[in-house]
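Enquirer: Please read through the structure below; I'll follow up with questions.
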Amino acid sequence: MLVVPQRQPVLTAKMLATIDVLSQGRLIVGCGVGWLKEEFEAVGAPPFADRGRVTDEFIDAFKVLWTEEAPVVHGVHALRGFDFCPKPVRKPHPPIWIGGESPVALRRVVRAGDGWYPASNNPHYRLDTAARIKAGVGDLGRTAEAAGRDPGSIDVALLVLWPVN
């Protein structure tokens, strides 16, 4: 799972496209916004408070770079007039799975993702029982329907992290 705003988007898109080509289209791109402010400061990433907006911009940039012959990227890293190669094998692009459990994460999944990959240990949105997982998937479905997207078009997996005592 990439902490997307801690990466340079063009270089990351190129590395991911290369992995997709070398793996003959087997790449799945896991994308998260990050949760530890000190990590952002340590790597010189955009401000922690901007991580959601930056993640959205970077995911959009990945898609433009992977799918357009003459990509034009807007936002933090605005670019135009260059070739981007290689293009991924998977069309239109490798599947993008979005991590996170919050309502904002669910909206990001619906807007930009092919799959949802939450974790079981977020203390604010715990998915540690069958009932809570079912409720989370229900929330995702309602979010998709409200945005006009078929909930069945979104794959779902769960990262289970059990505490060690």
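The values are calculated or read from the model by the stated rules, or taken from the named source; none is laboratory data. Keep in mind that this is a model prediction, so the values were computed, not measured. Cβ placement follows ideal geometry from the backbone for every residue including glycine, while neighbour counts extend to all protein chains displayed.
Enquirer: Quickly run through region 112-156 and pick out the residues that are at pLDDT 95 or above, hydrophobic (A, V, I, L, M, F, W, C), under 16 Å from G99 (Cα atoms) and in a loop (DSSP other than H, G, I, E, B).
Expert: Of everything in region 112-156, just one residue is at pLDDT 95 or above, hydrophobic (A, V, I, L, M, F, W, C), under 16 Å from G99 (Cα atoms) and in a loop (DSSP other than H, G, I, E, B), namely I154.
Enquirer: Continuing with this model, one more query. Scan region 93-105 and give yes if some residue there is under 15 Å from the mean Cα position of the chain (by Cα), within 22 Å of P5 (Cβ to Cβ) and acidic (D, E), otherwise no.
Expert: Among the residues of region 93-105, at least one is under 15 Å from the mean Cα position of the chain (by Cα), within 22 Å of P5 (Cβ to Cβ) and acidic (D, E), which makes the answer yes.
Enquirer: Pull out all pairs, ordered by first then second residue, where Cβ-Cβ is under 7 Å, the residues are six or more apart or on different chains, the first lies in region 127-153 and is on the phi < 0 side of the Ramachandran plot, and the second is hydroxyl-bearing (S, T, Y).
Expert: L127/S120; D128/S120
Yes/no per residue for (1) out of contact with any Pro (no Cβ under 9 Å at 6 or more places or on another chain); (2) within 30 Å of Y125 (Cβ to Cβ); (3) outside the structural domain of R142 (by TED's automatic domain parsing); (4) not basic (K, R):
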position	(1), (2), (3), (4)
V3	yes, yes, yes, yes
P9	yes, yes, yes, yes
L16	no, yes, yes, yes
L22	yes, no, yes, yes
I28	no, yes, yes, yes
V54	no, yes, yes, yes
E57	no, yes, yes, yes
T67	no, no, yes, yes
A70	yes, no, yes, yes
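Enquirer: Do we find that P5 is surrounded by 19 or more Cβ atoms within 10 Å (Cβ to Cβ) and part of a loop (DSSP other than H, G, I, E, B) in this structure?
Expert: No; evaluated as a whole, the condition is false for this residue.
Enquirer: Continuing with this model, one more query. Looking at V72 and the list (1) within 17 Å of the chain's Cα centre (by Cα); (2) at pLDDT below 95; (3) among the aliphatic types (A, V, I, L, M), which single condition is not satisfied?
Expert: (1)
Enquirer: For region 27-68, give me each residue that is more than 20 Å from M15 (Cβ to Cβ) and either surrounded by fewer than 16 Cβ atoms within 10 Å (Cβ to Cβ) or of a type in the set (S, T, Y) (or both).
Expert: W35, L36, K37, E38, E41, A42, P47, A49, D50, R53
Enquirer: Now for a separate question. Could you identify the single residue in V10, V29 that is in contact with a strand residue (DSSP E or B) (Cβ under 9 Å, 6 or more places away or on another chain), modelled with pLDDT of 95 or more, closer than 11 Å to F62 by Cβ and not basic (K, R)?
Expert: V29
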